[in-house]
Amino acid sequence: MSKFSRQDVGGSASDDAASCPVVPIADHQRIELLDSLESLDIGWFWATDTEGRLTYLTASAAASLGVERSAIIGRKLTEVVVADRSEDDEGRERPLAFQLGARNAFVDVPVKPVDGSTGVPTWWEISGKPCFDAENEFVGYRGRARDVSHSRQHSIDASRLAKFDTLTGLANRHRMESQLRKTLKAYQASKRSCALLMLDLDRFKQVNDTLGHPAGDELLKQVAQRLVKIVGKHAEIGRLGGDEFQIILPDVDDRGRLGDLGKRLIQMISQPYSIDGSRAIIGTSVGIAIAPYDGIDAEELVSSADLALYAAKGNGRGQYRFFSSDLKDGARQRKQIEEDLRDALAKDELRLHYQPLIKAGSDEAACFEALMRWEHAEDGFISPGQFIPIAEETSIITDLGEWALMRACRDCAEWPGDIKVAVNVSAVQFSDENFLGVVERALASSGLDPQRLELEITESVFMGDPHATSRMFKQLKRLGVRLALDDFGTGYSSLGYLRNAPFDKIKIDQSFVRGATEPDNNNAAIITAIVSLADALGMDTVAEGVESEDELALVTERGATLIQGFIYSGALAQDVLLGRFEDGTIQFEKKGPAKHRSERRTVFRRVGLIHEDHRYEVMLRNLSRTGAMIEGLLDVPIGTDLVLDLGAGQLAVAKVRRSHEAVQGIEFEVPLISDGADGLCTRHRVSPYALAAAGMPLAALPPGNYPLLRDAPVSEGGSRPSFLQVDLTQRFN
Ligand code: C2E
Ligand code: MG
Ligand code: MG
């Protein structure tokens with residue numbers, strides 16, 4: 001029987017007060033009523049003294065936290081509960097301490113009890129009112145509290161769901177957008193920079209298609225874990241959907257650092273994944289844009305990073321790329337290529353040219369690699385590096401590949417002796433079930449001995465269905481064709497491939513040959529290792545991209561069995577080749593520089609040069625990471641300090657090292673860095689904010705030179721320019 005009966009209380013709450021007059025209850029009954037409310041868990045009550053120390057708290061409230069009431073009584077309320085500063089409430093509620101200090105009444109303030117020893121996250125809502133005695137003296141607070149843990153946890157889960165990707169636990173698109181918007185808005189006021197990286201996985205779709213969606217999901221999870229490991233806590237990482245990831249890196253504008261990060265991301269993501277006993281290999285491309293240089297608001301920055309990503313993918317994948325304003329034209333061009341490529345075959349615009357592979361130690365060609373050339377009606381020659389990736393994406397590659405195989409076999413059949421032809425086969429083609437039939441038809445219709453046909457494939461074929469891949473290998477070997485592993489060392493370079501796949505030849509990628517002759521470079525050792533491995537497995541080795549005498553000497557000495565590169569010849573048309581065959585052989589002459597020079601690119605570009613408070617216009621003749629040759633100023637003394645304005649806010653501080661009449665060799669104080677493609681760029685740029693301060697509109701940097709110092713205050717009475725400017729229009733137009 002309850003301590004209270006209806007009689008005691010004097011009527012239920014629903015009874016009409018008029019028909020059932022309230023009978024005053026005694027003090028002891030009031031206490032019992034309170035006890036009853038508390039014991040039924042209908043409400044908890046608390047009271048403080050004038051100092052804010054708890055004088056009362058419902059016992060079950062203390063018990064819910066796993067503590068004795070006596071341990072809490074006497075402590076300050078603000079020590080027992082703290083304001084719940086979840087992100088959503090940020091800035092909305094005034095702190096509890098403030099309310100208490102000001103003796104304000106408050107209602108349903110969310111708080112977190114600090115003493116919770118139950119290990120279960122707990123939230124309370126408390127209300128309180130200041131109490132005064134008859135003399136209007138403050139005597140403390142009286143209030144109620146209730147446990148809202150359940151609904152709070154629910155709303156936290158719901159808001160997590162709205163902000164985070166359930167698969168990977170990374171931020172979702174919505175959260176990334178709002179974080180970027182918030183960050184950029186705040187940073188605009190404080191003139192801070194922020195980098196945005198966009199990542200798109202290469203060949204993810206193939207994993208999904210061959211290993212199934214659950215495997216694809218598992219792969220995405222592992223990618224997310226790697227990203228978190230590489231980028232760390234200072235960045236916000238998100239999955240925008242599908243295989244698209246995004247990273248926001250606040251306060252970074254150093255393109256050297258970002259380029260290194262880009263490289264590391266690509267390297268780490270490209271390491272093999274183990275998924276339910278299967279191996280999967282993917283890659284990634286990265287586009288990088290930096291606020292405020294490449295965009296001031298979120299929309300602009302995202303579109304810049306997207307364009308950079310697009311360019312990175314178009315450049316052959318597995319690359320990073322910084323945004324630059326000329327990429328806008330690149331995107332248009334890519335679209336055009338895609339459209340025109342569909343008609344290229346029908347319009348007879350494609351050619352196959354053949355580059356010799358020379359037997360090391362002789363000058364005689366043993367094989368020719370078929371390289372596709374596209375003569376576009378309006379744009380002229382378009383490089384396969386540009387159109388093959390687009391063809392692969394749009395599956396036009398199957399038609400192009402079939403055409404190349406047919407043509408190459410037909411052409412090779414006209415060559416003397418046992419000279420071979422090597423045809424590039426893209427992974428998409430290789431995994432096509434009709435591929436074997438295409439090879440059979442190419443051989444049958446040309447009558448070519450299968451031993452003279454070599455198929456060059458890259459390591460990316462191994463990421464497809466392993467059973468289908470190995471079946472295809474067997475069937476091709478049964479036909480009698482030879483197999484070469486192209487670009488070895490650039491992809492995943494797993495020795496397992498070499499063990500299991502029946503290759504006749506390994507092609508050492510040209511990136512290992514390049515720089516192999518430079519001191520402190522591991523490339524020579526890597527070449528030696530690949531050659532001895534191939535020797536042990538009975539395979540030939542080709543050194544790709546040999547250009548200079550010293551590179552040729554090195555790769556020959558290290559044991560490469562075949563040499564391919566401009567030192568002997570680029571790719572030649574069939575009619576040129578046929579004219580050169582004599583007595584069943586074909587010889588090539590070495591023609592190349594004695595030494596490989598560290599990359600110095602020849603350029604002809606007008607740039608600005610700033611010296612003291614004058615700005616000149618000079619012609620950039622060549623450019624390397626460490627320096628440049630400029631032309632346009634007469635007799636600039638050696639040792640002169642100056643600033644080269646390379647456009648779009650890129651200012652490079654330099655010193656004149658050589659000077660002869662109007663030509664100077666200058667050395668940069670801070671070396672330039674790669675822009676991810678073939679170009680060079682400065683690590684840092686002049687911020688649009690600095691330009692805005694000099695009177696330019698605040699917008700992401702448009703292309704062109706910035707006459708920053710031209711408008712700077714000129715010294716007292718103006719100074720004379722130190723150097724005589726040569727008229728560039730006469731010299732170069
Ligand atoms: P790859 O198969 O690695 O071909 C070698 C590339 O290196 C060719 O570029 C060749 O011109 C270039 N090369 C050769 N010697 C030197 C040298 O000494 N120095 C330098 N810097 N480069 C040298 P190309 O013709 O631009 O082809 C680029 C890539 O496009 C090829 O790389 C290949 O992956 C792809 N490709 C070309 N033709 C076809 C084709 O018919 N089918 C497929 N699927 N891909 C093709
Ligand atoms: Mg090749
Ligand atoms: Mg290659």
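Only residues that are open to solvent by 10 Å² or more (accessible area, probe 1.4 Å) and of a type in the set (Gly, Ala, Ser) were counted across segment 393-408, and they come to 1. Note on segment 505-522: residues that are open to solvent by less than 40 Å² (accessible area, probe 1.4 Å) and outside any strand (DSSP E or B) amount to 5. Close contacts from segment 331-360, counting a first residue that is farther than 12 Å from ALA391 by Cα and at pLDDT below 90 and a second that is within 11 Å of ligand 1 (Cβ to nearest atom) and open to solvent by 20 Å² or more (accessible area, probe 1.4 Å), with Cβ to Cβ under 9 Å and a gap of 6+ residues or different chains, come to GLN333/GLN386.
Being in contact with a helix residue (DSSP H, G or I) (Cβ under 8 Å, 6 or more places away or on another chain), assigned by TED's automatic domain parsing to the domain that holds PHE430 and not acidic (Asp, Glu) is a property that ALA391 has.
Meeting the requirement of 2 or more residues that are of a type in the set (S, T, N, Q) and modelled with pLDDT under 90, the helices (runs of 4 or more DSSP H) wholly within segment 83-200 are 149-163, 173-190.
Take VAL286 and decide whether it is within 19 Å of the chain's Cα centre (by Cα), outside any strand (DSSP E or B) and modelled with pLDDT of 95 or more.
no
Selection of segment 648-679 for residues being surrounded by fewer than 21 Cβ atoms within 10 Å (Cβ to Cβ) and closer than 17 Å to SER325 by Cβ yields LEU651, ASP675, ALA677, ASP678, GLY679. Of the residues examined, ARG452 is not one that is more than 27 Å from ALA311 (Cα to Cα) and within 11 Å of ligand 1 (Cβ to nearest atom).
Checked across segment 273-280, the condition of being among the basic types (Lys, Arg), assigned to a strand (DSSP E or B) and open to solvent by 50 Å² or more (accessible area, probe 1.4 Å) holds for at least one residue. Flag not set for ASP399, criterion: touching a residue at least 12 places away in the same chain (Cβ under 8 Å), more than 16 Å from ligand 3 (Cβ to nearest atom) and touching a helix residue (DSSP H, G or I) at 6+ places or on another chain (Cβ under 7 Å). Report whether or not PRO502 is away from ligand 3 (no atom under 16 Å from the Cβ) and open to solvent by less than 50 Å² (accessible area, probe 1.4 Å). Answer is yes for this residue.
The rows are residues; the columns are (1) buried (at least 21 other Cβ atoms within 10 Å of the Cβ); (2) within 16 Å of ligand 3 (Cβ to nearest atom); (3) closer than 30 Å to GLN267 by Cβ; (4) modelled with pLDDT of 95 or more.
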residue: ARG410; (1), (2), (3), (4): no, no, no, yes
residue: GLY417; (1), (2), (3), (4): no, no, no, no
residue: ASP432; (1), (2), (3), (4): no, no, yes, no
residue: GLU440; (1), (2), (3), (4): no, no, no, yes
residue: THR490; (1), (2), (3), (4): no, yes, yes, no
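Regarding segment 3-22, can at least one residue be identified that is open to solvent by less than 90 Å² (accessible area, probe 1.4 Å) and at pLDDT 80 or above? No, segment 3-22 contains no residue that is open to solvent by less than 90 Å² (accessible area, probe 1.4 Å) and at pLDDT 80 or above.
Taking segment 419-428 as the range and being open to solvent by less than 20 Å² (accessible area, probe 1.4 Å) and within 16 Å of ligand 3 (Cβ to nearest atom) as the test, the residues that pass are VAL421, ALA422, VAL423, VAL425, SER426, ALA427. When each of LEU220, LEU258 is tested for being in contact with a Leu (Cβ under 7 Å, 6 or more places away or on another chain), of a type outside the set (Lys, Arg) and assigned to a helix (DSSP H, G or I), the lone residue that passes is LEU220.
Each residue in segment 476-497 was checked for being in contact (Cβ under 8 Å) with a residue 40 or more places away in the chain and more than 12 Å from ligand 2 (Cβ to nearest atom), and 8 pass. Any chance segment 575-592 includes a residue that's within 16 Å of THR528 (Cα to Cα) and surrounded by 14 or more Cβ atoms within 10 Å (Cβ to Cβ)? Looking for residues that are within 16 Å of THR528 (Cα to Cα) and surrounded by 14 or more Cβ atoms within 10 Å (Cβ to Cβ), one finds none in segment 575-592, hence no.
Within segment 363-419, being within 16 Å of ligand 2 (Cβ to nearest atom) and assigned to a loop (DSSP other than H, G, I, E, B) holds for one residue alone: SER383.
Taken over segment 132-150, the criterion of being in contact (Cβ under 8 Å) with a residue 24 or more places away in the chain and open to solvent by 30 Å² or more (accessible area, probe 1.4 Å) is satisfied by VAL139, ARG142, ARG144, ARG146, ASP147.
Checking the structure you have, find out if any residue of segment 363-372 is near ligand 1 (Cβ under 10 Å from one of its atoms) and closer than 30 Å to PRO703 by Cα. No. Looking across ASP465, ASP486, one residue alone is more than 29 Å from VAL531 (Cβ to Cβ) and either buried (at least 16 other Cβ atoms within 10 Å of the Cβ) or within 16 Å of ligand 3 (Cβ to nearest atom) (or both). It is ASP465.
The values are calculated or read from the model by the stated rules, or taken from the named source; none is laboratory data. Because the structure is predicted, anything quoted here is derived from the model rather than measured. Cβ sites come from the backbone with ideal geometry, for glycine too, and all protein chains shown count toward neighbours. Accessible surface areas use protein heavy atoms only, side chains included; no ligands, DNA or RNA. Shrake-Rupley method; radii C 1.70, N 1.55, O 1.52, S 1.80 Å.
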